[in-house]
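S.K.: Before we start, here is the structure in question, set down as structure tokens.
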Number of protein chains: 2
Amino acid sequence: MAADPLSRVFSALADPTRRDIVARLAIGDATVNELAAPYDVTVQAVSKHLRVLEDAGLVSRSREAQRRPVHLEANVFDLMTKWIERYRRQAEERYRRLDDVLRSMPDAVDTTPPKQEGTPS
Amino acid sequence: MAADPLSRVFSALADPTRRDIVARLAIGDATVNELAAPYDVTVQAVSKHLRVLEDAGLVSRSREAQRRPVHLEANVFDLMTKWIERYRRQAEERYRRLDDVLRSMPDAVDTTPPKQEGTPS
DNA sequence: ATCTTTCTCAACCAAATGGTTGACAACGAA
DNA sequence: TTCGTTGTCAACCATTTGGTTGAGAAAGAT
């Protein structure tokens, strides 16, 4: 089993069925049988998927008679978005700098579009 | 191999070594040997990781003499952030509505914690 | 031409993954 | 109590994955 939380979350969402389940749970809590209904796999398979999502902290299961309502824990998403945003911003910044360098070169390639730029972000 | 692009991206980032490589590439392009140096795995293993990242569209490899500089393609991140944001927002909206309902109920359960903000971890 | 460097491909291996079936625990209903 | 429903656990199976070693392609250096 993956050690670090970030790997667990990414790994959990790397499966289309599990992303589908998350999408379903965003609408509202559901039981395992309800979640399994749309797919032609056994309930056990869906239960396994839910365990993966639970280990990643994306989902929680409570007890209610025989039923086990599954609930989406949205806050774990932040872990991912923070990681993603960090490196995207860094890469975009780098790209911008490269762009500046190219622009500052008189006519190395000459394909420079005659454009005046705004300053995004 | 995973069919859909979203699964490929999530799956690619589910590995700590590959996330590390992405972090490194955010600083600047690098060759396979440079990328492999910090880890005690073979260059072949890193080459495989790069292939996974490339299939996910997160990275591109060009040719420059014998060297193959690896470049980070930041735009693919958007695919993920869009997906994540959508369901997080949906789940938060749902939580807000549930919160409203609970607040509008006079004293259904009475175990209501006194107005605390933020989840108790 | 022959070496050297850089990197990928192919074959193999152990472990993880996603699925199955079968057994059974927990609980409400009869 | 016995039955039906809901869900998990255990064992098993096929495929994928992350790693290895060994061979070889591509291009500059000698």
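S.K.: Please identify every one of the trypsin sites (Lys or Arg not before Pro) in segment A:31-77 that sits in a loop by DSSP and has no more than 13 other beta carbons within 10 Å of its own beta carbon.
M.R.: Passing sites in segment A:31-77 are A:ARG63.
S.K.: Still on this structure, please answer the following. Quick one: with label points 7 Å out along Cα→Cβ, list the inter-copy distances for B:GLN66 in nm, shortest first?
M.R.: 6.9
S.K.: Under Stokes-Einstein, with the Kirkwood radius over Cα pairs standing in for Rh, what whole-number D in µm²/s applies to segment B:5-74 at 10 °C and 1.306 mPa s?
M.R.: Numbers: Rh = 12.0 Å.
After rounding, the answer is 133 µm²/s.
S.K.: Please give me, ordered by residue number, the GluC sites (Glu not before Pro) of segment A:1-99 that lie in loop per DSSP and have at most 10 other Cβ atoms within 10 Å.
M.R.: Answer by residue number: there is no such site.
S.K.: By the scheme Lys and Arg +1, Asp and Glu -1, what is the net charge of all other residues having a beta-carbon under 11 Å from that of B:ASN33?
M.R.: Residues near B:ASN33 contribute +1 overall.
Every read-out reported here was derived from the displayed coordinates using simple, explicitly stated rules and does not represent laboratory data. Keep in mind that this is a model prediction, so the values were computed, not measured. Every residue, glycine among them, receives a Cβ derived from its backbone with ideal geometry; neighbour counts consider all protein chains shown.
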